[in-house]
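For reference, the structure is listed below as C-alpha cells.
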Amino acid sequence: MKHDSSLPELSFFERVYQVARQIPLGKVTSYGAIAKAIGSAQSARMVGYAMNASHALPDVPAHRVVNRNGLLTGKHHFQGTSLMQQLLENEGITVVNNQIVAFEKHFWQPEIQR
C-alpha cells in the first residue's frame, strides 16, 4: 500500500489538545503559551474555546490550562462550582481565591510545535 501524503492537517482544536495532553501532572500552562506553541500566538481566546469544547474528551486535562496570571478563568465551564480547583488541588497545586499559589513554580512551558 502506497503512503498517502495528502492526509488532512490537524484542526486548530486538535493541535491545542495535542499540547494540552503533554502538560505534566501537577503543572499548569496558559492559553497564550499553548497558542504560541502551535504557532498561533494571537489565538489565546481560541485556545480557551478549544478547552471549553474538550470536556467530553477524557484525555485532555483542561483543568491544567489557566490564564497568564494563574487565574482559573475557565472554572465556570466545569461541572460544579469548584471542580477545576479540586482537580488541581488533587495534583498538589494550591488555589486561593481562584488563583494558583506560586504560579511560576507550577507553570509548564510547552515546546513550539513544528
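The values are calculated or read from the model by the stated rules, or taken from the named source; none is laboratory data. As the structure is a prediction and not an experimental result, all values here were calculated from the model. Here the Cβ positions follow ideal geometry from the backbone for every residue, glycine too, while neighbour counts run over all protein chains shown. Remember, those area values only see protein heavy atoms, side chains included, never the ligands or the DNA or RNA. Shrake-Rupley method; radii C 1.70, N 1.55, O 1.52, S 1.80 Å.
General observations
- Among the candidates A44, A62, A53, A35, the residue that is in contact with a helix residue (DSSP H, G or I) (Cβ under 7 Å, 6 or more places away or on another chain), surrounded by fewer than 16 Cβ atoms within 10 Å (Cβ to Cβ), touching a residue at least 12 places away in the same chain (Cβ under 8 Å) and closer than 27 Å to E9 by Cα is uniquely A53.
- Filtered by the rule that a residue be free of Cβ contacts under 8 Å to residues at least 24 places away in the same chain and not in a loop (DSSP other than H, G, I, E, B), region 90-114 gives N90, V95, V96, E104, K105.
- Within region 78-114, the set of residues being at positive phi and surrounded by 13 or more Cβ atoms within 10 Å (Cβ to Cβ) comprises N98 only.
- Residue match in region 69-77 (condition: modelled with pLDDT of 95 or more, open to solvent by 30 Å² or more (accessible area, probe 1.4 Å) and among the charged types (D, E, K, R)): no
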